[in-house]
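Working notes, beginning with the structure itself.
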Amino acid sequence: MKNDGPFTLHVNGKPLSSKKKPDITTQYPSLQVTHAPMCSECNGKLNTNIEEPAKNVIRRLRNSRLQTTLTPSEAGDVARWVLKVCLLGAHPDSNHDSQHSLYKVHNQKFDCMDESWFAWLRDQSDPPQAFSVFISRVDRGPGIEADRRETEVSLPWLNIDGYTIRHFVKSFAIDPVRFDAVWHPHWEFEYPLLDTLESAKIWPKPKGTDLSTLKSTQDNAVRFIEAGFPCNVDQATFEKLSKTPLGGPDSMLDRYISLLQGN
């Protein structure tokens, strides 16, 4: 995967660089507050295929305070919507509708992008299996804050014999729900809050989930650390590193980066 150019949208069959905004008409459905440049036809397809299937489920999650169950189909609908929000929110030319406050994307925008992150939106296909999406119950009450803890998860940026892999996370919260979408190609990802029943995985392979069984967690129980510089490794080293899942307690990544830094 090479991150060496901007994401290209297509209007009337012609490529449109993210650096140039078209004269377009864009509709803003009630759940959509993140807008990226696209033609009205593509926007309509996103509304039909992603916004509408997820709309009532998202409202139910909020209104029920997660005292509800997701079917496999509903879990998949929510995961697609979460990825759409995160990816378009991080697009360099995106903007946010200040009249809505349903959610806020906290992460910075992409400084480089890869076609595979967005192609599924345009093709109306399923998101890549290299994305994982998690849902957690957020509690900002004093009891949770008093039991404050934080787990650090490193997400590497690697150059493997000239082949670039840049892992990342995009997150946002809609009280009482927090969503984390992690991109981890060629490397299994192990989310720390799954074993403690503070989170549920809804992508890939969405399945029926009883969200009422989730324990409450603080908003920053997991702190993701995205690498600010690439580490150069060879294929043999990467294969050794990737035998241990990212995010897991026995991950070799932190120890390897320490060695590179001479610690």
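The values are calculated or read from the model by the stated rules, or taken from the named source; none is laboratory data. What you see is a predicted model, and the numbers here were worked out from it, not measured in a lab. Using ideal geometry, Cβ is built from the backbone for each residue, glycine included, and neighbour counts are taken over all protein chains shown.
For (1) farther than 30 Å from residue 217 by Cα; (2) at pLDDT 90 or above; (3) outside any helix (DSSP H, G or I), each residue gets a yes or a no:
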{"residue": "42", "(1), (2), (3)": "yes, no, no"}
{"residue": "49", "(1), (2), (3)": "yes, yes, no"}
{"residue": "80", "(1), (2), (3)": "no, yes, no"}
{"residue": "120", "(1), (2), (3)": "yes, yes, no"}
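Going by the structure shown, is residue 36 crowded, with 16+ Cβ neighbours inside 10 Å, modelled with pLDDT of 90 or more and of a type in the set (Gly, Ala, Ser)?
No, not satisfied.
Identify the residue in segment 122-142 that is closer than 19 Å to residue 212 by Cβ and of a type in the set (Val, Ile, Thr) and, among all such residues, is modelled with the highest pLDDT.
In this case the residue turns out to be 135.
Sort out which residues of segment 207-232 are farther than 23 Å from residue 108 by Cα and either of a type in the set (Ser, Thr, Tyr) or in contact with an Asp or Glu (Cβ under 8 Å, 6 or more places away or on another chain) (or both), and write them in order of number.
Our first condition is that a residue be farther than 23 Å from residue 108 by Cα; within segment 207-232, this holds for 207-217, 232.
Across segment 207-232, the qualifying residues are 209, 212, 213, 214, 215, 216, 217.
Among the residues of segment 151-164, how many are under 30 Å from residue 218 (Cα atoms) and buried (at least 21 other Cβ atoms within 10 Å of the Cβ)?
Just the residues of segment 151-164 that are under 30 Å from residue 218 (Cα atoms), to begin with: 151-157.
Of the ones still in play, those that are also buried (at least 21 other Cβ atoms within 10 Å of the Cβ) are 153, 156.
Matching residues across segment 151-164 total 2.
Give me the residue from segment 53-63 that is free of Cβ contacts under 8 Å to residues at least 60 places away in the same chain and closer than 21 Å to residue 212 by Cα and, out of that set, surrounded by the fewest Cβ atoms within 10 Å (Cβ to Cβ).
Within segment 53-63, the match that is surrounded by the fewest Cβ atoms within 10 Å (Cβ to Cβ) is 63.
Six or more apart or on different chains, Cβ atoms under 9 Å: show the pairs whose first residue is in segment 129-157 and closer than 18 Å to residue 207 by Cβ and among the small types (Gly, Ala, Ser) and whose second is part of a loop (DSSP other than H, G, I, E, B) and at pLDDT below 90.
Close Cβ pairs satisfying both conditions: 136/219; 136/221.
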